[in-house]
1. Go through region 122-154 and count every residue that is among the hydroxyl-bearing types (S, T, Y) and more than 30 Å from C104 (Cα to Cα).
2. If you go through region 13-46, how many residues are in a loop (DSSP other than H, G, I, E, B), open to solvent by 60 Å² or more (accessible area, probe 1.4 Å) and touching a residue at least 40 places away in the same chain (Cβ under 8 Å)?
3. Go through region 94-174 and tell me which strands (runs of 3 or more DSSP E), entirely inside it, have 3 or more residues that are at pLDDT 95 or above.
4. Are any residues in region 121-174 open to solvent by 80 Å² or more (accessible area, probe 1.4 Å), more than 18 Å from the chain's Cα centre (by Cα) and without any contact (Cβ under 8 Å) to a residue 40 or more places away in the chain, and if so, which ones?
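The values are calculated or read from the model by the stated rules, or taken from the named source; none is laboratory data. Computed from a prediction, not measured in an experiment: that's the story for all the values here. Cβ placement follows ideal geometry from the backbone for every residue including glycine, while neighbour counts extend to all protein chains displayed. Quick note on the areas: whole protein, heavy atoms, side chains included, nothing else; ligands and nucleic acids left out. Shrake-Rupley method; radii C 1.70, N 1.55, O 1.52, S 1.80 Å.
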Amino acid sequence: MRILTVRQPWAWAIIHGGKDVENRVRNIAGGYRGPVAIHVAREIDTHAIATPSHIHPSFREAAKRYMAANTDPLKGSPWMGGIGHIIGVVDLLDVHSASVINGCGRIDHHCAEHPAGCRHHCSPWAMGPAPEGWYQHLVLAHPRALVEPIPYRGALGLRRLDDDTVSRIEAAIA
């Protein structure tokens, strides 16, 4: 099993909100396909929480749902849903580019709203052009939340998990 560190609210959205694509600027998975533990980063994507207008509607909706589901009524502030913990497992099914050529992007030339054409991707969660090139879509499925989050130290990339942590995750899957 591998582990991936993701900022909130996106970690929550992967496990609880239907987020089926994780966008990265490069293919961090290589040829790996299989189970991936989702670890909540210490930093929050504050732009997503503020829900600026340039974020896709499905992203804004997930951020709102995250905030509603993760508010501590006693303190009136967001509970950041497992910061520094593993909160669930998903299956990594595929990795592909967002590009129109050799990727999932396709152009719809018959779009009534955009006469020049629209670019469609594999999921509403998928992003198109990256700062340098195209986003890589990690296609995710079958989210399984842990009954009790497991403390873990995060890092960059898609990393291998030790056998003890894998056993703890398997025992904690709801």
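1. Taking region 122-154 and keeping what is among the hydroxyl-bearing types (S, T, Y), we get 123, 135, 152.
From what's left, more than 30 Å from C104 (Cα to Cα): 152.
Result for region 122-154: 1.
2. 4
3. Numbers: elements: 106-108, 118-120, 136-151, 158-160.
Filter on region 94-174 gives 136-151, 158-160.
4. V147, E148, D163, D164, R168, E170, A171, A174
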